[in-house]
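Inspection log for the structure reproduced underneath, given as structure tokens.
The values are calculated or read from the model by the stated rules, or taken from the named source; none is laboratory data. This one's a predicted model, so the numbers in the text were calculated from it and none came from an experiment. Counting neighbours? That spans all protein chains shown, and the Cβs are built from the backbone with ideal geometry, glycine included. What goes into the accessible areas is simple: the full protein's heavy atoms, side chains included, and nothing from ligands, DNA or RNA. Shrake-Rupley method; radii C 1.70, N 1.55, O 1.52, S 1.80 Å.
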Amino acid sequence: MTNINLLPKAELHIHIEGSLEPEMVFALAAKNGVELPFATVDELKGLQAFTDLQSFLDLYYACMSVLLTEDDFADLASAYLHRAWAQGVRHAELFFDPQAHTSRGVDVDTVINGLQRGLTEARESLGMSGGLILCFLRHLPAEEAMATLESVAHRSGDLLGVGLDSSENGFPPSLFVDVFERARELGLHCVAHAGEEGPPAYVWEALDLLKVERIDHGVRSLEDPELVERLKRDRVPLTVCPLSNVRLGVVGTMAEHRLRDMLDAGLVVTLNSDDPAYFGGYIADNYTAVSTDLGISTEQLRQLAANSLTASFLPEEATRVLLSEIAAWQG
Ligand code: ADE
Ligand code: ZN
């Protein structure tokens with residue numbers, strides 16, 4: 001019997017605010033005196049029947065209004081990291097959305113300091129590594145993204161990189177060329193969501209204009225054979241999130257997911273949870289779902305885990321150690 005939890009892996013696509021479980025939403029609302037537009041945990045869970053990305057984002061931003069203090073962000077990160085550890089995650093690169101907090105009067109340093117405390121706690125208590133990727137909200141003007149970046153430029157050493165998320169259609173990567181150029185100047189890694197709901201053209205833009213090192217989602221790349229060739233040639237990793245894709249209607253059912261085609265095409269695919277508190281599972285639940293519903297083999301699961309390490313921003317030596325543990329996994 002395969003034990004996916006024992007397969008060492010990296011998580012490269014987790015929005016830390018998307019790990020905010022309904023019970024924690026209510027606990028923090030009570031502690032911080034925040035009024036919520038829903039009365040009970042069950043009512044909130046009932047709202048998790050999403051029709052598309054935007055229907056999810058509306059609830060995601062509403063729930064994160066309970067996050068106010070450094071302790072809140074530290075507790076959120078700790079809770080996620082311990083859960084992820086139990087599912088075999090040895091390294092986690094956490095996305096966070098500072099503009100969704102600064103717009104509510106929460107200082108960006110409160111957010112970063114809290115998340116860093118969570119990462120430090122996990123490093124000390126579990127031996128787990130990780131880092132932070134600051135994401136720009138693409139539905140807001142690029143000038144605001146640039147101002148956010150400049151507000152943390154003096155502490156860029158506390159970040160692994162930058163990303164681009166939120167509503168995709170109508171907000172192409174080309175809007176953010178200057179912001180990503182500045183991020184590279186600061187020595188930050190660059191990634192971007194593209195080809196989740198948006199067209200293959202957005203993946204091309206992320207590669208050619210933003211010069212990203214990984215594409216988040218990228219599942220629509222399969223619609224463009226030339227793009228598949230490019231991703232394959234340059235070994236650009238794709239951080240795919242199968243449970244998310246089903247819950248947001250990117251694919252109709254898990255059985256229709258094209259993960260197998262992506263692997264067969266020679267793409268560097270990784271599996272991730274995206275927003276696990278909203279999509280019905282954490283990272284190992286994603287591995288299990290593709291094994292059960294798509295017939296992904298034990299060897300392919302091992303390959304997906306190995307890809308997650310080679311696609312990570314971990315130093316080479318630490319990557320090598322974890323790759324040897326993956327090779328030794330019994331399946
Ligand atoms: N923010 C949180 N989850 C997201 C997703 N799946 N796509 C775009 N932005 C997001
Ligand atoms: Zn995402």
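Being within 16 Å of ligand 2 (Cβ to nearest atom) and within 20 Å of Ser166 (Cβ to Cβ), is that true of even one residue in the range 227-239? Yes, some residue in the range 227-239 is within 16 Å of ligand 2 (Cβ to nearest atom) and within 20 Å of Ser166 (Cβ to Cβ). Look at (1) touching an Asp or Glu at 6+ places or on another chain (Cβ under 8 Å); (2) without any contact (Cβ under 8 Å) to a residue 40 or more places away in the chain and you find that Gly266 fails only one, number (1).
For the range 213-222, a residue qualifies if it is surrounded by 24 or more Cβ atoms within 10 Å (Cβ to Cβ) and more than 14 Å from ligand 2 (Cβ to nearest atom), and exactly one does: Ser221. What helices (runs of 4 or more DSSP H), lying completely within the range 94-171, carry at least 3 residues that are open to solvent by less than 10 Å² (accessible area, probe 1.4 Å) and away from ligand 2 (no atom under 16 Å from the Cβ)? Output list reads 108-126, 142-152. Somewhere in the range 58-71, is a residue away from ligand 2 (no atom under 16 Å from the Cβ), within 22 Å of Phe171 (Cβ to Cβ), open to solvent by 10 Å² or more (accessible area, probe 1.4 Å) and free of Cβ contacts under 8 Å to residues at least 60 places away in the same chain? Within the range 58-71, one or more residues are away from ligand 2 (no atom under 16 Å from the Cβ), within 22 Å of Phe171 (Cβ to Cβ), open to solvent by 10 Å² or more (accessible area, probe 1.4 Å) and free of Cβ contacts under 8 Å to residues at least 60 places away in the same chain. Considering the range 223-258, the residues that are in a loop (DSSP other than H, G, I, E, B) and of a type in the set (A, V, I, L, M) include one that is surrounded by the most Cβ atoms within 10 Å (Cβ to Cβ), namely Leu248. All conditions but one from (1) within 27 Å of Leu20 (Cβ to Cβ); (2) in a helix (DSSP H, G or I); (3) away from ligand 2 (no atom under 16 Å from the Cβ) apply to Ala277; the one that does not is (3). Condition test on Ala10, is it modelled with pLDDT of 95 or more, more than 15 Å from ligand 1 (Cβ to nearest atom), open to solvent by less than 60 Å² (accessible area, probe 1.4 Å) and part of a strand (DSSP E or B)? Considered against the rule, which asks whether it is modelled with pLDDT of 95 or more, more than 15 Å from ligand 1 (Cβ to nearest atom), open to solvent by less than 60 Å² (accessible area, probe 1.4 Å) and part of a strand (DSSP E or B), Ala10 comes out as yes. The residues of the range 24-40 that are surrounded by fewer than 15 Cβ atoms within 10 Å (Cβ to Cβ) and either more than 17 Å from Phe73 (Cβ to Cβ) or touching a strand residue (DSSP E or B) at 6+ places or on another chain (Cβ under 7 Å) (or both), listed by number, are Ala30, Gly33, Glu35, Pro37, Ala39, Thr40. Of all the numbered requirements in (1) buried (at least 18 other Cβ atoms within 10 Å of the Cβ); (2) away from ligand 1 (no atom under 16 Å from the Cβ); (3) of a type outside the set (Val, Ile, Thr), Gln303 misses one, and that requirement is (1).
Out of the range 220-245, which residues are over 15 Å from Leu12 (Cβ atoms) and within 16 Å of ligand 1 (Cβ to nearest atom)? Even if it seems obvious, please write down each step before you answer.
Going through the range 220-245, the residues over 15 Å from Leu12 (Cβ atoms) turn out to be 220-234, 243, 245.
Matches in the range 220-245: Arg220, Ser221, Leu243, Asn245.
Of the residues making up the range 200-212, none is touching a Leu at 6+ places or on another chain (Cβ under 8 Å), closer than 18 Å to Leu301 by Cα and either open to solvent by 50 Å² or more (accessible area, probe 1.4 Å) or within 11 Å of ligand 1 (Cβ to nearest atom) (or both). Figure legend. Inter-residue proximity from the range 148-169: first residues within 16 Å of ligand 1 (Cβ to nearest atom), second residues modelled with pLDDT under 95 and not acidic (Asp, Glu), beta-carbon distance below 8 Å, spacing 6+ or different chains. No pairs are indicated. Is it the case that the range 188-209 has a residue that's at positive phi, within 16 Å of ligand 2 (Cβ to nearest atom) and touching a strand residue (DSSP E or B) at 6+ places or on another chain (Cβ under 7 Å)? Yes, the range 188-209 contains a residue that is at positive phi, within 16 Å of ligand 2 (Cβ to nearest atom) and touching a strand residue (DSSP E or B) at 6+ places or on another chain (Cβ under 7 Å). Only residues that are within 20 Å of Leu47 (Cα to Cα) and under 12 Å from the mean Cα position of the chain (by Cα) were counted in the range 243-279, giving 5.
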